[in-house]
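The values are calculated or read from the model by the stated rules, or taken from the named source; none is laboratory data. What you see is a predicted model; the values in this text were computed from it and never measured. Here Cβ is always computed from backbone atoms with ideal geometry, including for glycine, and neighbour counts include all displayed protein chains.
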Amino acid sequence: MTVYEEALQANAAYASSFNLAGLAMPPAKQLAVVACIDARLNVEPMLGLRPGDAHVIRNAGGLVTDDALRSLIISHKLLGTETFFVIEHTDCGMLTFKDEQLQQRLKEETGQDANSIPFYAFSNVEENLLGQLKKIRRSPFLPASIDLHGFVYDVQTGKLSEVVQPEEEVMAEYANPDALVPTDWVAENMKDPKVRVIEVDVDTAAYDTGHIPGAVGWNWKNDLETQLQRDIADKEGLERLLSKAGVDKDTTIILYGDNNNWFAAYALWVLEYYGVDAKLMNGGRKKWIDEGRELSTDAPSYSPSKASAKGPKKDLRALRDQVMDHLDKVKKGRGALVDVRSPREYSGELLAPENLPQEGSQRGGHIPGAQNIVWSQAVNEDGTFKTADQLAELYQSQGVTPDKDVIAYCRIGERSAHTWFVLTHLLGYKNVRNYDGSWTEWGSLVGAPVEK
Ligand code: ZN
């Protein structure tokens with residue numbers, strides 16, 4: 001029997017007991033997979049998929065070619081897939097030749113010029129795979145919200161190994177890679193007298209339960225705000241704080257904290273406002289703890305230094321009247337407002353995050369024209385920031401582009417400092433201000449326009 005005859009016979013048997021007639025067109029698991037054509041890759045069973053569960057797009061190598069992108073766009077936009085896998089594998093045929101060899105052979109055998117056909121042969125599977133993921137991330141037609149993963153399938157064991165871009169490579173792609181350090185770096189340098197690690201938490205009791213050895217604890221309420229009137233710390237207050245931490249002009253300041261560095265980012269913004277450079281520890285307190293790194297309950301003391309602040313750099317901060325003036329710019333498309341709170345705060349249903357007391361402003365809603373881009377969309381599950389490509393896509397797809405004058409706000413200005421950090425340091429936007437008065441001010445201002 002020929003292969004053809006065998007196949008037809010098998011199909012007759014298949015159809016005689018066919019029971020999949022009722023399947024819906026959209027994949028039940030909302031999953032799309034790009035995989036190599038290699039005959040040893042049995043994609044559905046390897047992922048526990050049943051008919052109707054996923055789109056499987058196959059080509060030589062499992063590459064995100066223009067045509068694979070075409071399928072992925074249709075899959076996502078028209079059929080609702082939200083998770084994408086790219087699967088390459090060990091012992092791939094694509095590792096065994098070079099494009100020029102195949103092009104040359106085609107020319108010899110057919111007399112036709114095949115130089116314009118790219119075959120995309122490659123020599124390193126992991127590297128190639130990361131390149132394919134990047135092509136999906138960079139497509140303007142696929143959103144950053146797609147849950148994207150790349151795997152190498154081992155044809156000898158059947159196992160998938162996920163491949164992720166090394167943290168240092170991700171960080172190197174940010175506009176200002178110096179604004180961030182990995183936990184590894186902190187572990188290696190925390191005892192260096194020229195490095196000062198400072199913890200700033202939402203939960204002001206967290207520091208005392210254990211912190212990075214040698215880290216100073218700042219309380220956002222007492223240390224980063226003035227106590228009599230509502231304002232961020234004044235210059236003298238900040239200098240006292242830095243002096244007490246033993247920080248001088250040669251000290252590298254590393255900030256970290258809980259809740260994905262909310263108040264660490266806020267502290268960084270206040271420091272920068274007063275002309276003092278600092279860096280964030282990527283992933284914050286949670287990542288340090290998750291990695292099982294050393295914690296200490298000793299409060300260190302440093303001999304006071306001569307710290308000096310400058311500025312303030314007023315172009316980092318938006319005050320309420322400036323926000324009012326900004327509304328017209330937003331309307332005309334030259335400015336953007338980013339409301340980084342949760343959707344239920346943005347809509348006015350809540351006045352504060354769900355777990356906090358619902359107080360602080362007289363009215364609920366948002367500033368007219370504001371885009372709701374929740375701060376947490378900028379971070380991965382482990383607390384590290386998303387890649388530069390993902391972040392650019394996240395903000396630009398919602399009209400928050402680098403050419404615009406941007407103001408970010410939240411409820412009290414700390415979550416928006418996080419977004420300010422992303423836009424300024426990770427994406428290199430030149431005109432971003434943090435409105436620290438935020439909703440607690442705007443939502444109580446008599447006569448201020450509110451949208452719901
Ligand atoms: Zn292959």
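Brief remarks on what is shown
- Scanning the stretch 75-88 for residues that are in a helix (DSSP H, G or I) and surrounded by 14 or more Cβ atoms within 10 Å (Cβ to Cβ) yields Ser75, His76, Leu79.
- Once the stretch 61-90 is narrowed to residues that are farther than 21 Å from Arg138 by Cβ and touching a residue at least 60 places away in the same chain (Cβ under 8 Å), the residue that is nearest to the ligand (Cβ to nearest atom) is His89.
- His425, sole failed condition from (1) in a helix (DSSP H, G or I); (2) surrounded by fewer than 22 Cβ atoms within 10 Å (Cβ to Cβ): (2)
- Considering residues of the stretch 91-124 that are in a helix (DSSP H, G or I) and among the acidic types (Asp, Glu) only, the residue farthest from the ligand (Cβ to nearest atom): Glu108
- Subset of the stretch 31-64 [buried (at least 18 other Cβ atoms within 10 Å of the Cβ) and either assigned to a loop (DSSP other than H, G, I, E, B) or at positive phi (or both)]: Asp38, Leu41, Leu47, Gly61, Gly62, Leu63, Val64
- Residue within the stretch 223-230 that is touching an Asp or Glu at 6+ places or on another chain (Cβ under 6 Å) and surrounded by 18 or more Cβ atoms within 10 Å (Cβ to Cβ) present: no
- Among residues of the stretch 389-422 being of a type in the set (Asp, Glu) and assigned to a loop (DSSP other than H, G, I, E, B), the one that is surrounded by the fewest Cβ atoms within 10 Å (Cβ to Cβ) is Asp403.
- For the stretch 19-55, the tally of residues that are within 16 Å of the ligand (Cβ to nearest atom) and in contact (Cβ under 8 Å) with a residue 12 or more places away in the chain stands at 10.
- Given (1) without any contact (Cβ under 8 Å) to a residue 24 or more places away in the chain; (2) touching a helix residue (DSSP H, G or I) at 6+ places or on another chain (Cβ under 9 Å); (3) buried (at least 16 other Cβ atoms within 10 Å of the Cβ), index of the condition Gln132 fails: (1)
- Only residues that are closer than 27 Å to Ser123 by Cα and among the β-branched types (Val, Ile, Thr) were counted across the stretch 37-82, and they come to 6.
- Flag for Ala370 being touching a Gly at 6+ places or on another chain (Cβ under 7 Å), small (Gly, Ala, Ser), closer than 30 Å to Met281 by Cβ and assigned by TED's automatic domain parsing to the domain that holds Lys404: no
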